1. Of all residues being hydrophobic (A, V, I, L, M, F, W, C) and within 18 Å of the chain's Cα centre (by Cα) in the range 233-267, which is surrounded by the fewest Cβ atoms within 10 Å (Cβ to Cβ)? Just the residue, please.
2. Being more than 30 Å from ALA349 (Cα to Cα), of a type in the set (A, V, I, L, M), modelled with pLDDT of 95 or more and surrounded by 15 or more Cβ atoms within 10 Å (Cβ to Cβ): is that true of ALA230 here?
3. For the range 26-45, check the following and say yes or no: at least one residue is outside any strand (DSSP E or B) and either outside the structural domain of PRO149 (by TED's automatic domain parsing) or over 28 Å from the mean Cα position of the chain (by Cα) (or both).
4. Could you check LEU320 against (1) of a type in the set (A, V, I, L, M, F, W, C); (2) farther than 26 Å from THR279 by Cβ; (3) surrounded by fewer than 18 Cβ atoms within 10 Å (Cβ to Cβ) and say which number it fails?
5. For MET204, are the conditions met, namely being touching a helix residue (DSSP H, G or I) at 6+ places or on another chain (Cβ under 8 Å) and either outside the structural domain of GLY70 (by TED's automatic domain parsing) or of a type in the set (Lys, Arg) (or both)?
6. Out of the residues in the range 175-221 that are more than 30 Å from LEU265 (Cβ to Cβ) and surrounded by 15 or more Cβ atoms within 10 Å (Cβ to Cβ), which is modelled with the lowest pLDDT?
7. Could you tell me which residue of the range 374-393 is farthest from ILE310 (Cα to Cα), considering only residues that are in contact with a Phe, Trp or Tyr (Cβ under 9 Å, 6 or more places away or on another chain) and in a loop (DSSP other than H, G, I, E, B)?
Amino acid sequence: MTAEILCIGTELLLGNITNGNARWLAEQLAALGIAHQRQSVVGDNRRRLMAAVQEAAGRCRVLITTGGLGPTPDDLTTEAIAAAFDTPLVEHPEIWSAIQARIGARGRFCSPSNRKQAFLPEGAAVLPNPTGTAPGMIWTPPAAPGIQPGFTVLTFPGVPSEMEAMWFGTAEPWLRSAGLAEGVFASRMLRFWGVSESALAEQMADLLALENPTVAPYAGAGEVKLRLTARAGSVAEAQILLAPLEAQIRARSGRACFGVDDDSLASVVLEQLRRRGETLAVAESCTGGGLGAALAAVPGASDGFVGGVIAYANSIKQALLGVTQALLESHGAVSDPVAISMAEGARRATGATWAIAVTGIAGPGGGCTEKPVGLVHIAIAGPDGCSSEAVRFGATRGRVWIQRLTTGEALNRLRLRLADCSGAQL
């Protein structure tokens, strides 16, 4: 059995919003063991929407749509789907009553335009929306040539919170009871830093050819990921397939593998500090607060992260971190001595066990032959001393890329330093 995802909305085609719904739905289908082979996006156009639905009906068993449900003129999904199969719309009084009650409860004027939401194709079942006014439907159109036997369409609004509530409340139980699953999928995402996608792929070449479980590489801003996916009769059986594969990959990659699934370098570092009962401060120049933001984004960050200083100007480096004028004049702000002084100053000012300092040239201007754009110095100060090392990220991918790489590289260096201090296995 195959499923397809059709996302509806001109704003998606124009790139005004990110299509996170497709990603979320794909993950839910995989968790149910329902394979899907295509994702499509269509604008708010009745004719094109009808064509997209008709094409999908000839390919897949289940079509899941998001978007285009609501009272406004461009909400065409229900009408277009019914028209695609030449089926009349019929009113569901219970939907209209629920809409009136919900809108009234919110103190809004109950506009007649909302009434169109109460009309579904003849024979469709309501897919209730517990948090919004736009219901969806579960509908199997009449059998016809060119339509897959048993073809069924499930519609959801484009608001993620509403879609998710409807999925768990009604759609997922229906899909399970319909017996559409072909086994169960389980996945793990292993995360790496300090190795390129090509190098990791070469290292794991034989594993990338596996059919069950499978291994697929992904690259990001300095981070490389391997998604491990197994299909079995149950989640427990799938996890059994994944365990030895994960162990093999970790053994091959060593210290480069820093976490799994929702782990980030920041969360891993904060967990290391928590276990040690230690704290961290930061001193940032070229990242402008990005390092602190990455740490503060982790729930419970206050257990280990005490704060920091955004010392963009040299005067701030001097006044708040104790970097001397002589050091700045003799070495320049972008240098190991200044990075070390910044890290020591942050540690001294905050009383933190550890401190990270970064200073560099994020560009696009400001570079020279000796110190080009992309040059960053990263210092780590701790109970065992302070050291700094330069890294050259290059200028080709721009300012934001350099700042992101600097943040990740700084956290990874502290991760490794903490592991070395404790002798822990990574």
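The values are calculated or read from the model by the stated rules, or taken from the named source; none is laboratory data. It should be emphasised that the depicted structure is a prediction, and the values quoted were computed from it without experimental measurement. All Cβ positions, even for glycine, are placed from backbone atoms using ideal geometry, and neighbour counts span all protein chains on display.
1. Start the filter on the range 233-267 by keeping residues that are hydrophobic (A, V, I, L, M, F, W, C), which leaves 235-236, 238, 240-243, 245, 247, 249, 251, 256-258, 260, 265-266.
If we keep only those that are within 18 Å of the chain's Cα centre (by Cα) too, we end up with 258, 260, 265-266.
Values: PHE258: 25, VAL260: 16, LEU265: 25, ALA266: 23.
Among those that are hydrophobic (A, V, I, L, M, F, W, C) and within 18 Å of the chain's Cα centre (by Cα), it is VAL260.
2. On the way: more than 30 Å from ALA349 (Cα to Cα): yes; of a type in the set (A, V, I, L, M): yes; modelled with pLDDT of 95 or more: no; surrounded by 15 or more Cβ atoms within 10 Å (Cβ to Cβ): yes.
The answer is no for ALA230.
3. Checking the range 26-45: at least one residue is outside any strand (DSSP E or B) and either outside the structural domain of PRO149 (by TED's automatic domain parsing) or over 28 Å from the mean Cα position of the chain (by Cα) (or both).
4. The single condition LEU320 does not satisfy is (2).
5. Working: touching a helix residue (DSSP H, G or I) at 6+ places or on another chain (Cβ under 8 Å): yes; either outside the structural domain of GLY70 (by TED's automatic domain parsing) or of a type in the set (Lys, Arg) (or both): yes.
When the stated conditions are applied, MET204 passes them.
6. The first filter runs over the range 175-221 and keeps only residues more than 30 Å from LEU265 (Cβ to Cβ), leaving 175-184, 211-212.
Keeping just the survivors that are surrounded by 15 or more Cβ atoms within 10 Å (Cβ to Cβ) gives 175, 178, 180-181, 183-184.
Working: LEU175: 90, ALA178: 83, LEU180: 75, ALA181: 70, GLY183: 75, VAL184: 77.
Restricting to residues being more than 30 Å from LEU265 (Cβ to Cβ) and surrounded by 15 or more Cβ atoms within 10 Å (Cβ to Cβ), the top hit is ALA181.
7. If we filter the range 374-393 for residues that are in contact with a Phe, Trp or Tyr (Cβ under 9 Å, 6 or more places away or on another chain), which is where we start, we get 374-376, 380-383, 393.
Still in the running and in a loop (DSSP other than H, G, I, E, B): 374, 383, 393.
Working: GLY374: 19, PRO383: 23, PHE393: 21 Å.
It comes out as PRO383.
Yes/no matrix, rows are residues, columns are (1) surrounded by fewer than 16 Cβ atoms within 10 Å (Cβ to Cβ); (2) among the charged types (D, E, K, R); (3) closer than 16 Å to VAL269 by Cα; (4) at pLDDT below 95:
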position	(1), (2), (3), (4)
ASP384	yes, yes, no, yes
SER388	no, no, no, no
ARG392	yes, yes, no, no
THR396	yes, no, no, yes
ARG399	no, yes, no, no
ILE402	no, no, no, no
THR407	no, no, yes, no
ASN412	no, no, yes, no
ALA424	yes, no, yes, yes
